[in-house]
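Here is the structure we will look at, set down as structure tokens.
Values in this text are rule-based calculations from the coordinates and carry no lab data. Just so it is clear, the structure is predicted and the values come from calculations on it, not from any experiment. For neighbour counting, all protein chains shown are included, and Cβ atoms are generated from backbone atoms with ideal geometry for every residue, glycine included.
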Amino acid sequence: MSGYLTILGLAPELKIDWTKMPTYNTIMAICAGVGLLLVVAFARRVLRGDPMEHVDGWALAFGALGLILTLTGLHMTLTWPLAGQGFPFDNIIFGEPCLAFGVILLFAALYLWKRGSALVGAVDRPAMVARTAGPISLLVLAMGLACFGIAAAGWTYTLFAAPPQEPISGAFADLPLLEATFISGLYVLVGVGAVLFPFALRAKGGALATIIGVCWGLAGLAFTLFGALNYFTHIGLIINTM
């Protein structure tokens, strides 16, 4: 969210009252990225028929990530705006998608915890997953369309650009379209996978599942690494603008 300060003309003499500017899209980015990677890895095991004796481990992983994303996403979604200094679009861009993904991961964890043994012993695992995930796939598709809307907003209004006071990312403050393109591109990758998800379920895998795996795998890796990097850049921004 700090990147939008450049757009609003608050740089270069930037001072921020951080008591009114809570920001935790660092942990949200990491959990969303790792969540996407785990979904891809789990789906790969289901489609390939790999051994899944320790399905409870997947339930724990999905549950932990889902809990963090649900709590942070819910707080960001219901606190309008989250930051006392403005930026209500952060609630939409980061809060709402993380809330939706977090809730889906939580219920996936609950299902695996309660019915994981049935999935492990199923003769046709892809068919069982398709029947179970079919109804929720409509929400996944809808959130995919929402990701396209977020990406379009990022490009249209040149969002996500970092101010000069932010280490590393701030070096590209004069090129706001660069970071806008990077983040919007990640939302496009997530959106493509989400929109294709219901159709991949009906096809029980195939080429559509491969496309989803590539899109979510790349986006998950990028979100994870970018979120980890932001632990340094956001701390630096706070120190430079106190």
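Straight-line reach from Lys204: taking Cα to Cα under 24 Å and skipping same-chain neighbours fewer than 8 places apart, the lysines in range are Lys114. With all projection directions averaged, the alpha carbon convex hull of the stretch 171-242 covers 5.8 nm². Note on Phe199 and Thr156: the extension gain reaches 12.5 nm, defined as 0.36 nm multiplied by sequence separation minus the Cα-Cα distance.
Phi angles of the stretch 121-128 translate, via the Karplus equation with coefficients 6.51, -1.76, 1.60 and θ = phi - 60°, into HN-Hα couplings of x, 5, 5, 10, 4, x, 5, 5 Hz per residue; Gly and Pro are given as x. When the chain is treated as a GNM with alpha-carbon contacts under 10 Å, the residue of Leu38, Leu221, Leu78 showing the greatest mean-square fluctuation is Leu78. The alpha-carbon atoms of the stretch 50-108, seen along their principal axes, cover 50, 15, 14 angstrom, with the largest extent given first. For the chain, the Cβ-based charge dipole about the Cα centre amounts to some 880 debye (Lys, Arg positive; Asp, Glu negative; other atoms uncharged). Cβ under 13 Å from Thr241's Cβ, Thr241 left aside: what net charge do those residues give with Lys, Arg +1 and Asp, Glu -1? Surrounding charge for Thr241 is -1. All distinct Cα pairs of the stretch 25-241 go into the 1/r average, and the inverse of that average, the Kirkwood radius, is 18.1 Å.
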